[in-house]
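Inspection log for the structure reproduced underneath, given as structure tokens.
The values are calculated or read from the model by the stated rules, or taken from the named source; none is laboratory data. This structure is a prediction, so every number in the text was calculated from the model and none was measured. With ideal geometry, Cβ positions are generated from the backbone for all residues, glycine too; neighbour counts draw on all protein chains shown.
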Amino acid sequence: MSDPEIYDQIADSPFDDALSQRYLVYALSTITARSLPDVRDGLKPVHRRLLWAMRLLRLDPGSAYKKCARVVGDTIGKYHPHGDQSVYDAMVRLAQSFSLRYPLVDGQGNFGNIDGDNAAAYRYTEARMTPAAIDLMAGLDEGSVAYRPTYNGEEEEPEVFPGLFPNLLANGASGIAVGMATSIPSHNVAEIIDAATHLIDNPKAEPSALMDFVGGPDFPTGGVIVDSADAIAAAYASGRGAFRVRAKWEVEDQGRGTWNAIITEIPFQVPKSKLIEQIAALIADKKLPILADIRDESDEAIRIVIEPRSRTVDPQMLMDSLFRLTDLETRVSLNLNVLDATRTPRVMSLKEAISAWLEFQIEVLVKRTQHRVAKIDDRLELLEGYLIAFLNLDRVIQIIREEDEPKPVMIAEFSLTDRQAEAILNMRLRSLRKLEEMQLRTERGKLEKERAELAKLIESPARQRNRLKKDLAELRERYGPDTPLGRRRTLLEETGPAREIPLEAMIEREPITVIMSKRGWIRALRGHVDLAQPETMKFKEGDGPAFAFHAQTTDKLLLAAPNGRFYTLAADRLPGGRGFGEPVRLMVDIEGEGNIVALMPAVSGAKLLLASSDGRGFVTSATAAIAETRKGKQVVNLRAGATLALVRQIKDGDDYVAAIGDNRKMVVFPLSELPELGRGQGVALQRYRDGGLADAKTFRFSDGLSWEMGGAGGRTRTESDLNPWRAARGAAGRMPPVGFPRDNKF
């Protein structure tokens, strides 16, 4: 039976309270012990524990490599009880020269590549620490930081690494916690040290003053930061912002006027394979007509070859298009959200982050000095005991030979401490020579002098600052701009946003002939061909011509549907003239059924007359009718039962409109009486008792109205006096002139 006292320990609690309390514990754990780096050493717990395990395995830069499985096993077994794959992934990132500006792990084997391929399993790869990791952990044995028990209490681990290497800004960090995230790009160590030295001398310096030393991020993959200095300074002043990073490229002359664009560096954290796929997709989808081909000729160094469509293409225009359409230009965010010295998360400015790091380094310096003073005091205590033994050597030997317990006798007779007496008893006989006494006195003198200097250092903040500047200068020599590792990789070149290149500028202008059948099959023949030739106007059985006109490959074509919706076709993407073409409904999403009302080039600056079957219309511009998507653009709002009847381009000089109805009555009125709209229903062109609009057109009143007579001769007739039909817009009109076509079409 169960113990009834168990039920006395159950406490009732509302579910939402219990859930929120437990989630809060998880959230705090994620923030403080997983995702955010510490401002003092720039490490997350998993990275710190990995390096600590490697230190205990003595994987120094000069030692032999050991299997990564050994490191991961020690890490998860002793310090970090999490998944082995996640720990190994963190270790791999520490070893990737394209992920970290200054790698902390020296890997041997397959640790992945910039194409995005994964590393080999940890049983195959080997690793040891880099000099940067040693610099980051310098001082761990000198009492500079506190240690805490590991998760099972069997071992100890440092709370933070005390080394002078500025890892937070040098290598950056990224992570997503609960309710917050961090994103810190990498920087150049020499620049950070210069800025830190300036802050040591000028603690109250303005944040903008640091921009004289830190130009911007320095990514491991190089590239070019194209933001202005003011934008970069504003991001660092607040700790939040973003940087526009572009690939580095150059033009390579191929001879005879031809050229290729060579990309030698790509933006940070952009997989090269994904980038090439993006550019290849532009070629396949014909979204960048001035681009012909892309090749990856990379080995250890990146070399991506971009081929233009022709030698006349402007290199800058091609690259601007690629910057806008692909990840050749990306935005790297800055969110300097870190844990401060009290383990509290907050967003810091660049000055605050460097200042917090300097405060920690001063604290480490003082603790290391105090630790050294304690060691000196211990040694001086023993030296004093040794010297007393030498001065009273015969008596000491007599006590040791005659007394059963010599230690208490020596302590009482010579006023020794327990440690001094124990040290004298443990001395070797060979140390009892005269030379040893002289060495002891010399050593004591040196230690006393060193202790006096260290005591001054502990008491003087000014000395501490000078010592820190000296140590920083020594570190800068190892990571200076003249060293292979310290040389700045990311260029700073202020450039505006990538230009919006019009499609016409990318397409080679060529003449074409556009033909569309009644059933909606469209094709484009090369050149301006004779539309009267039978072989030109060939269609499927039962089909026939609907629209045929000459155009250019740079044109955009307007297609009007009966429902008043306009669609846009790119002339350069029309199917070729072989065969019967393709259905236009595969290119745009035309709603409903019915014949196409109009198909024409969208001439820039041209005006269009739009009219519906119920006699309403208005004027619009060809530019306003252009649709940006396959779904088209609603231009004419139709009343119930009405359809779009016609679309006519208005010629220069046209000042009047002629409209004729199904009832064979015609009216003529000034074009100025029609409103110009971007979208609408329009106004009445003509009034009908029955039927609707048959046709309408614009013309110059002084030239009169002309129409074809029909027949084989192709004669036309012109009615010059139109005053009998001239009326206000919306009139009923009167019968047309004698000889007007019976189909009521102009």
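Inside region 277-324, residues that are of a type in the set (Gly, Ala, Ser) and surrounded by 13 or more Cβ atoms within 10 Å (Cβ to Cβ) make up a count of 5. Only a single item in (1) surrounded by fewer than 17 Cβ atoms within 10 Å (Cβ to Cβ); (2) more than 24 Å from Ala353 (Cβ to Cβ); (3) not small (Gly, Ala, Ser) is not met by Arg128, and it is number (1). Counting residues in region 91-99 that are outside any loop (DSSP other than H, G, I, E, B) and in contact (Cβ under 8 Å) with a residue 40 or more places away in the chain gives one or more. Residues in region 55-70 that are in a helix (DSSP H, G or I), without any contact (Cβ under 8 Å) to a residue 60 or more places away in the chain and within 21 Å of Pro149 (Cβ to Cβ): 1 in all. Of the residues in region 535-550, none is hydrophobic (A, V, I, L, M, F, W, C), over 30 Å from Met319 (Cβ atoms), touching a residue at least 40 places away in the same chain (Cβ under 8 Å) and buried (at least 20 other Cβ atoms within 10 Å of the Cβ). The residue of region 76-93 that is nearest to Thr125 (Cα to Cα), among those that are buried (at least 21 other Cβ atoms within 10 Å of the Cβ) and in contact with a Leu (Cβ under 9 Å, 6 or more places away or on another chain), is Met91. Taken over region 608-629, the criterion of being under 43 Å from the mean Cα position of the chain (by Cα) and either in a loop (DSSP other than H, G, I, E, B) or buried (at least 21 other Cβ atoms within 10 Å of the Cβ) (or both) is satisfied by Thr620, Ala622, Thr623, Ala624, Ala625, Ile626, Ala627, Glu628, Thr629.
Of all the criteria given as (1) within 19 Å of Pro45 (Cβ to Cβ); (2) in contact with a Cys (Cβ under 7 Å, 6 or more places away or on another chain), the one not satisfied by Leu136 is (2). Selection within region 665-691: residues that are of a type in the set (A, V, I, L, M) and in contact with a strand residue (DSSP E or B) (Cβ under 6 Å, 6 or more places away or on another chain). The member of this set that is surrounded by the fewest Cβ atoms within 10 Å (Cβ to Cβ) is Ala684.
Annotation: of all residues in region 692-728 being assigned to a loop (DSSP other than H, G, I, E, B) and either surrounded by 15 or more Cβ atoms within 10 Å (Cβ to Cβ) or of a type in the set (A, V, I, L, M) (or both), the one that is modelled with the lowest pLDDT is Ala712. Scan region 551-591 for residues that are at positive phi and buried (at least 18 other Cβ atoms within 10 Å of the Cβ) and jot them down. Within region 551-591, Gly564, Gly581 qualify. Looking for whichever is within 17 Å of Lys287 (Cα to Cα), free of Cβ contacts under 8 Å to residues at least 60 places away in the same chain and of a type outside the set (Lys, Arg) here; the options are Leu322, Leu328. Which one fits? Going through Leu322, Leu328 in turn, the sole match is Leu322.
Whether any residue in region 349-364 is out of contact with any Pro (no Cβ under 9 Å at 6 or more places or on another chain), without any contact (Cβ under 8 Å) to a residue 60 or more places away in the chain and not acidic (Asp, Glu) is what I want to check. Looking for residues that are out of contact with any Pro (no Cβ under 9 Å at 6 or more places or on another chain), without any contact (Cβ under 8 Å) to a residue 60 or more places away in the chain and not acidic (Asp, Glu), one finds none in region 349-364, hence no. Checking Phe213, Phe219, Phe243 one by one, the residue that is touching a residue at least 60 places away in the same chain (Cβ under 8 Å), aromatic (Phe, Trp, Tyr) and in contact with a helix residue (DSSP H, G or I) (Cβ under 8 Å, 6 or more places away or on another chain) is Phe243 and no other. Among the residues of region 143-170, those that are of a type outside the set (A, V, I, L, M, F, W, C), closer than 15 Å to Arg55 by Cα and in contact with a helix residue (DSSP H, G or I) (Cβ under 6 Å, 6 or more places away or on another chain) comprise Glu155, Glu157, Pro162, Gly163. Among the residues examined, Thr536 does not qualify as within 45 Å of the chain's Cα centre (by Cα) and over 25 Å from Ala611 (Cβ atoms). Go through region 457-472 and report how many residues are without any contact (Cβ under 8 Å) to a residue 12 or more places away in the chain, surrounded by 12 or more Cβ atoms within 10 Å (Cβ to Cβ) and not polar (S, T, N, Q). Qualifying residue count for the region: 1.
Give me a count of the residues in region 196-244 that are among the aliphatic types (A, V, I, L, M), under 17 Å from the mean Cα position of the chain (by Cα) and either under 18 Å from Asn335 (Cα atoms) or outside any loop (DSSP other than H, G, I, E, B) (or both).
Of the residues in that region, 6 qualify.
Could you give every pair whose Cβ atoms fall below 7 Å, whose first residue belongs to region 31-52 and is on the phi > 0 side of the Ramachandran plot, and whose second residue is outside any helix (DSSP H, G or I), counting only separations of at least 6 or pairs across chains? Correct list of pairs: Gly42/Ala173. A single entry from Leu557, Leu609, Leu646 fulfils the requirement of being at pLDDT 90 or above and touching a Leu at 6+ places or on another chain (Cβ under 7 Å): Leu557. Val145 meets the conditions (1) more than 18 Å from Gly480 (Cα to Cα); (2) surrounded by fewer than 18 Cβ atoms within 10 Å (Cβ to Cβ) in every case but one. The failed one is (2).
With respect to Ile424, determine if the residue is loosely packed, with under 15 Cβ neighbours inside 10 Å and modelled with pLDDT under 90. No; evaluated as a whole, the condition is false for this residue.
Scan region 233-249 for residues that are touching a Pro at 6+ places or on another chain (Cβ under 9 Å) and under 23 Å from Asp320 (Cβ atoms) and jot them down. Phe243, Arg244, Val245, Arg246, Ala247, Trp249, listed by residue number.
Could you give every pair whose Cβ atoms fall below 8 Å, whose first residue belongs to region 176-192 and is under 20 Å from Ser99 (Cα atoms), and whose second residue is surrounded by fewer than 24 Cβ atoms within 10 Å (Cβ to Cβ) and among the basic types (Lys, Arg), counting only separations of at least 6 or pairs across chains? Filtered contacts from region 176-192: Asn188/Arg488; Val189/Arg476; Ala190/Arg476; Glu191/Arg488.
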